Amino acid sequence: MWAQLITMRIKPGNDERMAALIERLRNSEQPGSGLIRETAMRDRHDPSRYLMLVVFESEEKARARESDPRRAELLKDLSDTMKEIVDGAPEFVDLDVLSDMSH
């Protein structure tokens with residue numbers, strides 16, 4: 001398994017827009033993309049800081065998902081919203097999953 005942690009800050013007053021953006025991304029997921037889990041989180045001590053953990057079957061599947069034309073179309077639609085609500089550039093950390101447990 002392979003994962004990516006995405007950290008971003010949003011501008012004040014955009015919590016609802018961020019929630020809508022996350023929901024839109026979730027609803028647009030294509031079958032067979034290799035996505036296993038997506039977890040959206042907000043920092044309790046810094047509510048402007050959002051983190052997304054996405055877990056994939058493999059890095060290869062994740063990279064193929066990035067170049068999927070259907071996903072590119074969606075991201076193009078969402079890019080203006082992201083520019084309006086995100087403060088600065090998101091940070092991406094690539095991770096090898098050593099262990100994963102769900103209950």
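The values are calculated or read from the model by the stated rules, or taken from the named source; none is laboratory data. Computed from a prediction, not measured in an experiment: that's the story for all the values here. Methodologically, a virtual Cβ is constructed for each residue, glycine included, from the backbone with ideal geometry; neighbour enumeration extends over all protein chains shown.
Scanning the range 1-19 for residues that are free of Cβ contacts under 8 Å to residues at least 60 places away in the same chain and loosely packed, with under 14 Cβ neighbours inside 10 Å gives P12, G13, E16, A19. Summed over the range 15-37, the residues that are at pLDDT below 85 and hydroxyl-bearing (S, T, Y) give a count of 1. Evaluating H45 against the criteria (1) modelled with pLDDT of 95 or more; (2) under 22 Å from A3 (Cβ atoms); (3) not hydrophobic (A, V, I, L, M, F, W, C); (4) not in a strand (DSSP E or B) leaves one unmet condition, (2). Scoring L95 on the criteria (1) surrounded by 11 or more Cβ atoms within 10 Å (Cβ to Cβ); (2) modelled with pLDDT under 90 leaves a single failure, condition (2). A count restricted to the range 7-28 and to residues that are in a helix (DSSP H, G or I) and not acidic (D, E) stands at 10.
If you go through the range 48-92 and keep only what is part of a helix (DSSP H, G or I), out of contact with any Ser or Thr (no Cβ under 9 Å at 6 or more places or on another chain), exposed (fewer than 15 other Cβ atoms within 10 Å of the Cβ) and not aliphatic (A, V, I, L, M), you end up with E60, R63, E66, P69, E73, K76, D77, S79, D80, K83, E84.
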